[in-house]
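K.L.:
Below you will find the structure I want to go over with you.
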Amino acid sequence: MCGGCFLLRVVGLRGVGDVAAGLRSGLAAVEPGALIRRVVKRRGGCLQIGGKVVELRRFRDFVIVGGGKAAEGMAAEMLRLLDGLDVRGVVVVPRGYRLRRRLKPLEVLYGGHPLPDSMSEEAGRLILEMASSCSGDSLAFVLVSGGFSALAAVPAEGVSLQDKVEATSALLRAGASIDELNTVRKHLSAFKGGWLAKSLRCRAFSLILSDVVGDRVDVIGSGPTAPDPTTFRDALDVLRRRGVEVSENVWRRLRRGAEGIYPETPKQGDPCFRRVVNVVVGGCVDSVKAAALEMRRRGYSVVALTSGVVGEARTVANLFAAVARDVVRHGVPHAPPFALVAGGETTVTVRGRGRGGRNQELVLATLHLLRDVPRFVFASIGTDGVDGVTDAAGAVATPQTLRNAAKEGLDPLPFLEDNDSYTFFSRVGGLVLTGPTGTNVGDLMILAIR
């Protein structure tokens, strides 16, 4: 994304201009290049990275490796900052993603997402190879953003890529949290959970764009350069708690790991982490702040609630519906015009056969609860521009959405029960389309009462 390269469009629903403007501002604020520039600055012969100063003349060459949905923007900015120096490296982006700028001399690979494929494995192995080939007078930059865990996937000893894909798919269907997913994936990987840091043979800065609640570096991208606090036993507990079916290879590796036959992921105190500095360059809170500022500029009393919304989409819907009712009926926390802005990442336990995503499901569930509330606009989008396996970033709903549904003879509830939010909004209007935004900091939600 390059500050306005994306086009946010609401299909088939009028009267949502203020909220659409808030969403656009929230997306523009998390453009990866701008976030890198905020943290990394070149001054003469030095780089200032957070609170650290690096003298460039001390290094023979510079290595850039990384991947994710924001990899292009992050890599382009690092190439600008390192202009005139000896730079090499590789980044991996989602298959089908169209680059908007040249990244030479970096090699660009395309991997599978949301599930890894053979190209993801190739990319992961190439990054590990490049990390292990660095010399002591090299300086490496690891660029981590959402999606990296699928785009660079190297199976651990005893499991195949297919074993990993099937386990991940089963956990996703069971509504596993990002923490649960990562606990299992790290222990089936030779890349995640600190193993990339273990491969590095030089000093490195890991620049991380957070797409997870809490901005934990051990969770973002499955923590390739961070100590892993979880264990093989934790991974076994997740599989048992979620009741998922996985291959015998997965069970065998996790059991043998718990018995000490396979080495644990690198933990806090491992010498490899003395070489690596992890720096979070931005996250969902930046998007929430910018959207709130835009809504305030448009005349709304605004509460920027949190960047930490989690839980089942249908449960979270109760919060937004309760706030909407209090604003309309009691002027609490403020009388209209009022806007509530939040971010985070909900989950969906899929029981139906329909199409949709967590953002569309959240909007549909909230709409179902707001049948008796006038003058509301509620939107939720994925900042990467992708919600579930659909072409929509999310959805927006108003009382007009209910009137449109009534004209079509449609009731939101059956669509909700069938996890078919995409079909519902396709028929009555309200899908939010952006295409790939080139960034990823989780989800952005705006409730407006006029």
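The values are calculated or read from the model by the stated rules, or taken from the named source; none is laboratory data. The shown structure was predicted, so the numbers you read here are calculated from the model rather than taken from an experiment. Heads up, the Cβs are rebuilt from the backbone with ideal geometry, glycines too, and the neighbour counts pull from every protein chain shown.
K.L.:
So, in region 182-216, of the ones that are under 17 Å from Gly68 (Cβ atoms) and surrounded by fewer than 21 Cβ atoms within 10 Å (Cβ to Cβ), which residue ends up farthest from the chain's Cα centre (by Cα)?
P.N.:
Arg216
K.L.:
Right, next: (1) out of contact with any strand residue (DSSP E or B) (no Cβ under 8 Å at 6 or more places or on another chain); (2) of a type in the set (A, V, I, L, M, F, W, C); (3) surrounded by fewer than 24 Cβ atoms within 10 Å (Cβ to Cβ): which one isn't true of Leu433, the others all being true?
P.N.:
With respect to (1) out of contact with any strand residue (DSSP E or B) (no Cβ under 8 Å at 6 or more places or on another chain); (2) of a type in the set (A, V, I, L, M, F, W, C); (3) surrounded by fewer than 24 Cβ atoms within 10 Å (Cβ to Cβ), Leu433 is out only on (1).
K.L.:
Right, Leu254: more than 24 Å from Leu139 (Cβ to Cβ), surrounded by fewer than 24 Cβ atoms within 10 Å (Cβ to Cβ), not assigned by TED's automatic domain parsing to the domain that holds Asp443 and not aromatic (Phe, Trp, Tyr) or not? Steps first, please.
P.N.:
Values: more than 24 Å from Leu139 (Cβ to Cβ): yes; surrounded by fewer than 24 Cβ atoms within 10 Å (Cβ to Cβ): no; not assigned by TED's automatic domain parsing to the domain that holds Asp443: yes; not aromatic (Phe, Trp, Tyr): yes.
Answer is no for this residue.
K.L.:
May I pose another question? Only one of these is in the same structural domain as Val441 (by TED's automatic domain parsing) and surrounded by fewer than 16 Cβ atoms within 10 Å (Cβ to Cβ): Ala342, Ala322, Ala317, Ala365. Name it.
P.N.:
Just one listed residue meets the conditions, Ala322.
Listed here are the residues, each with its yes/no results for (1) of a type in the set (A, V, I, L, M, F, W, C); (2) farther than 21 Å from Ala150 by Cα.
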| position | (1), (2) |
| --- | --- |
| Pro224 | no, no |
| Pro229 | no, no |
| Arg240 | no, yes |
| Gly243 | no, yes |
| Leu254 | yes, no |
| Phe273 | yes, yes |
| Cys284 | yes, no |
